[in-house]
Amino acid sequence: MKHLLFIVLVAWAGIAHGTIKVVTSLPDLADFTRQVGGDRVTVDNIVRGDQNPHFVEVKPSYMMKLKAADLFFLIGMDLEMWAPQIIDGSRNTKLEVVDLSKRIDKLEIPAKLDASQGDVHRYGNPHYWLDPRNIRIIVEDIVAALARVSPGDEQFFRANGEAYLKKLDGKIAQWSSTMKPFAGTRVITFHKSWTYFTAWLGLVVMDQVEPKPGIAPSPSHTAELITLIRQAGIKVIVVEPFYDSSAADQIARSTGATVLRLSTSTGGVDGTDTYLALMDYNITTLAGALK
Ligand SMILES: [Zn+2]
């Protein structure tokens, strides 16, 4: 009887307590939310790590994910051009949409709003989560948002956030020291995904395989890159898992440079199920190729 009462009480407490329902755009934001929210949140993400976050085909199932959610965490800066359609379609009037870019020091903000930065970086470069020093701001904002939904759990969220950031700080020191010998190294990337990452590490991105963000490679730009790589002695071309590498492969064959698959999000390549594992993978792979 005592046992039964205990089980009933635990079940009741679980229902009464409830969990905060969070949807995120990127799997990286889902990881941070799990680190902060523990068992007091349920988290789902829209974009997989091996998908291009700029271009997501809107599906009714995404609207269903948002229908019952309390919070929707976004990178912002128009990375998720597809998000307004999902938010409208969810018809969830209680949903709080949280733009995590608000307090970030943004890079490549265009002097005036036009298409000169290509189709997809009109409000500046949105790939700020690849500088791990920006994760502190993201995690603090996640703590605050969860606490708005469940004020009684604020201390729990805050303690988890601080523990995670302490672990992250240790990793940042380790990654910086691994990459220190390569400061000033020149690289080519496929897309401007690595602006914050390379600024953090002191690497120099000479050009992109895309002529402009979101614009497919062209033969004339590819020819220019071959000349540039030969002249500058560039060793690596960084390509995300979701881009067709044929233009980069052609450049590599003509120059002897290596095409390196680095991932911009957790789960983009095998064994990167958390942000820390993702960054471990990117740093180890890059350092190995630049040696
Ligand atoms: Zn982009």
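The values are calculated or read from the model by the stated rules, or taken from the named source; none is laboratory data. All values derive from a computational prediction rather than experimental measurement. In this analysis, Cβ positions are derived from the backbone assuming ideal geometry, glycine residues included, and neighbour counts consider all displayed protein chains. With ligands, DNA and RNA removed, areas are computed over all heavy atoms of the protein, side chains included. Shrake-Rupley method; radii C 1.70, N 1.55, O 1.52, S 1.80 Å.
Here are TYR128, TYR164, TYR196: which of them is within 21 Å of THR24 (Cβ to Cβ), more than 15 Å from the chain's Cα centre (by Cα) and modelled with pLDDT of 95 or more?
The match here is TYR164.
If only one of LYS212, LYS235 is basic (Lys, Arg) and in contact with a strand residue (DSSP E or B) (Cβ under 8 Å, 6 or more places away or on another chain), which one is it?
LYS235
For segment 202-223, does any single residue satisfy the condition of being closer than 23 Å to SER245 by Cβ, within 17 Å of the chain's Cα centre (by Cα) and β-branched (Val, Ile, Thr)?
no
Of everything in segment 242-273, what is assigned to a loop (DSSP other than H, G, I, E, B) and open to solvent by 40 Å² or more (accessible area, probe 1.4 Å)? Give them in sequence order.
PHE242, ASP244, GLY256, ASP270, GLY271, ASP273
Filter segment 75-90 down to the residues that are touching a residue at least 12 places away in the same chain (Cβ under 8 Å) and of a type in the set (D, E, K, R) and list them by number.
The answer is ASP78, GLU80.
So how many residues does segment 192-216 have that are touching a residue at least 24 places away in the same chain (Cβ under 8 Å) and either closer than 20 Å to ILE109 by Cβ or within 11 Å of the ligand (Cβ to nearest atom) (or both)?
13
Just to be sure I understand, how many residues within segment 198-222 are more than 26 Å from ASP114 (Cβ to Cβ) and either among the polar types (S, T, N, Q) or open to solvent by less than 50 Å² (accessible area, probe 1.4 Å) (or both)?
Adding up the residues that qualify gives 4.
May I ask you to verify whether ASP131 is in contact with a helix residue (DSSP H, G or I) (Cβ under 8 Å, 6 or more places away or on another chain), open to solvent by less than 30 Å² (accessible area, probe 1.4 Å) and closer than 30 Å to GLN174 by Cβ?
For ASP131, the condition - in contact with a helix residue (DSSP H, G or I) (Cβ under 8 Å, 6 or more places away or on another chain), open to solvent by less than 30 Å² (accessible area, probe 1.4 Å) and closer than 30 Å to GLN174 by Cβ - is met.
Looking at segment 74-94, which of its residues are on the phi > 0 side of the Ramachandran plot and within 16 Å of the ligand (Cβ to nearest atom)?
Residues satisfying the conditions are GLY76, MET77, ASP78.
Please report, ordered by residue number, the helices (runs of 4 or more DSSP H) entirely within segment 19-95 with at least 1 residues that are surrounded by 23 or more Cβ atoms within 10 Å (Cβ to Cβ) and of a type in the set (D, E, K, R).
The helices (runs of 4 or more DSSP H) meeting that bar are 27-37.
Would you check which residues across segment 141-164 are under 20 Å from TYR275 (Cα atoms) and either of a type in the set (Ser, Thr, Tyr) or surrounded by fewer than 17 Cβ atoms within 10 Å (Cβ to Cβ) (or both) and list them?
Listed by number, the residues that qualify are ARG158, ALA159, GLU162, ALA163, TYR164.
Could you list, ordered by first residue, the pairs with Cβ atoms under 6 Å in which the first is in segment 53-66 and more than 17 Å from LEU95 (Cα to Cα) and the second is aliphatic (A, V, I, L, M) and at pLDDT below 95, at least 6 apart or interchain?
Close Cβ pairs satisfying both conditions: HIS54/VAL120.
Please pick out the residue among THR227, THR222, THR189 that is at pLDDT 95 or above, within 16 Å of the ligand (Cβ to nearest atom) and among the hydroxyl-bearing types (Ser, Thr, Tyr).
None of the other options fit; the residue is THR189.
Can you report the number of residues in segment 109-157 which are away from the ligand (no atom under 13 Å from the Cβ) and assigned to a loop (DSSP other than H, G, I, E, B)?
Looking only at that region, the number is 8.
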